[in-house]
Structure formats: C-alpha cells, structure tokens
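Take a look at the structure set out below.
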Amino acid sequence: MQAISARDVEASRHIHKPDGDVSMGPPNWRTNYFGKKSDGQLKNAPQVFRIDMPSEKIVKSHFHAVDQYQVFVSGSGNLGRNAIPTLCVHYVDHHTGYGPIVAGVGGFSYFTFRARTDSGAVYLETPGYRERLKPSKKRHHSVSNIVLSIDPVMAAREVVQAETVISAEEDGLCSVLLRAGAGMTVTCPDPQGSGGQFVFVVNGDLMVDDNLYPQYSVIWVDANDAALRCQAGPNGAEALILQFPADSSE
C-alpha cells in the first residue's frame, strides 16, 4: 500500500507539454502523484497525475499501451462527442483509442490513474499508428451520473454505502463509490485477483495508518495486499475504488 496526500503535491504543479504532443492550444498544468513523465518505457509501477487544461485546449485522439482510468473532477468539456459533467469516471483498455478531450471556457481538470507506468501516448494522426496497435478487449466505460453528498449529509451517514460505478468483470475490472459517515470504519474491496486498485478520495477525508488524507488524495493498493481498512474523517468521506483487470500488459 502506498498513499499520497493532496496537500503534499500541491506545490509540484507545473506547465507540461509531452514530447511529440500534437495537442492544440497552450500546454496543460500537471501535478504528479505516483510516477513521473513517460520516458518511452513501460514500468511495473503505478502512475497517477492531475491535468488542469486551460480554456478551450484540445488533446487529440490517442491510445496508450496500458489500461487507465480518468476521473474528471472540475470545470467542463467534452470527451469525444459527449459533454462530460463532473464528477465522471472514464475507463479504457490498453491499445484502445479515445478522445479528443476538449476543455470548456472555464478549463477542465482530471486525474489519470494507471497500474503500470505508460510508455507515452500514440496519437491517431501519427504515421504508422495502426502498426502499434495490439490486441485488447477494447473496453470503454464512461460513467457520469455520480453525485457527491453535501457536507452535513455525508457526516451524518450511519452505514457505509457502496454504489457500483462500473460493474465487476471476471478479470477484476470494477469501480465502486464508497460513502461513509464521520468516523466510520471502511473496508475497501479485496484486490485479490485484480491488477490492483486506487482509492481516490473525492469528498471529505480518509484516515489511513493514523494519517488524514483530504479530498483528491490517492492510495494505491497492490493486488497482493490485503483489503484496505481505513476510517472516515470527522466530516465523513466519499471515495472511488478504481480497480484494474488482472491482465494489464501489452
């Protein structure tokens, strides 16, 4: 298990434009949580970062060599032809094209979660991109009907609620939203048989090993770890479980 507080990475936000980027408009801002900029090599280590897109920025359609989740948390924009209201969870298998991502006039913020560090985006207008595509299940989920609680409702919950975001599949892929009242003990889904999972605090705070993790903190739970047990903070907590399929290789 590894955990990173949103407080500890706030100062690391920086202007970022990847090598070979064919996006339109000014560069994004990027905040690294796990892992760093892709260097052309796949790595068996989790990778998480936040992207803040400036007004009307366009990230053109592309694919990656690893499975990934994206969670859109603020602002507005489009993913492909669809308007994306926040909060939205997007999952795509490796070697599966998606996009473009288009920021609205107020900008667009999202987190990217990968169980393995990617080797870099392959844009669909790159010459020879088809030769770089490899077999995958080509799954593509986008779930945007997610509503967070107001503070007093969240704090006053008397039972832990688990709401399905992406239904569980045989290879371990699934996503769940956990809601817990103030001080309640939370047991996350068992990661055994999956490719690991991220616990993403989207509202309130979570206490893990006596450390309080506020909104937008991230916890990585390896597939070989026991199910994470934690505690909601004094105002309650809501957290997304983003679980990967067992086979997330090329």
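Tabulated data
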{"quantity": "Out of ARG50, ARG30, sole residue that is open to solvent by 40 Å² or more (accessible area, probe 1.4 Å), assigned to a strand (DSSP E or B) and either at pLDDT 90 or above or hydroxyl-bearing (Ser, Thr, Tyr) (or both)", "calculated": "ARG50"}
{"quantity": "Any hit, region 73-80, residues being surrounded by 21 or more Cβ atoms within 10 Å (Cβ to Cβ) and β-branched (Val, Ile, Thr)", "calculated": "no"}
{"quantity": "Matching residues, region 105-119, being within 18 Å of THR31 (Cβ to Cβ) and of a type in the set (Ser, Thr, Tyr)", "calculated": "SER109, TYR110, THR112, THR117"}
{"quantity": "Residue in region 115-126 that is touching a strand residue (DSSP E or B) at 6+ places or on another chain (Cβ under 7 Å) and closer than 18 Å to VAL199 by Cα present", "calculated": "yes"}
{"quantity": "Tabulated pairs, region 144-171, first touching a residue at least 24 places away in the same chain (Cβ under 8 Å), second open to solvent by 80 Å² or more (accessible area, probe 1.4 Å), C-beta under 8 angstrom, 6+ apart or interchain", "calculated": "ASP151/ASN235; MET154/ASN235; ALA155/PRO234; ALA155/ASN235; ASP171/ASP247"}
{"quantity": "Residue under evaluation ASP205, criteria (1) touching a residue at least 40 places away in the same chain (Cβ under 8 Å); (2) open to solvent by less than 60 Å² (accessible area, probe 1.4 Å), criterion not met", "calculated": "(1)"}
{"quantity": "Condition check for VAL102: at pLDDT 95 or above, surrounded by 16 or more Cβ atoms within 10 Å (Cβ to Cβ), out of contact with any Ser or Thr (no Cβ under 9 Å at 6 or more places or on another chain) and assigned to a strand (DSSP E or B)", "calculated": "yes"}
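The values are calculated or read from the model by the stated rules, or taken from the named source; none is laboratory data. On a predicted model such as this, the values are computed, not experimentally measured, just so you know. Glycine gets a Cβ as well: all are built from the backbone with ideal geometry, and neighbour counts include every protein chain shown. Each accessible area value is taken on the protein alone, full model and side chains, heavy atoms only, with ligands, DNA and RNA left out. Shrake-Rupley method; radii C 1.70, N 1.55, O 1.52, S 1.80 Å.
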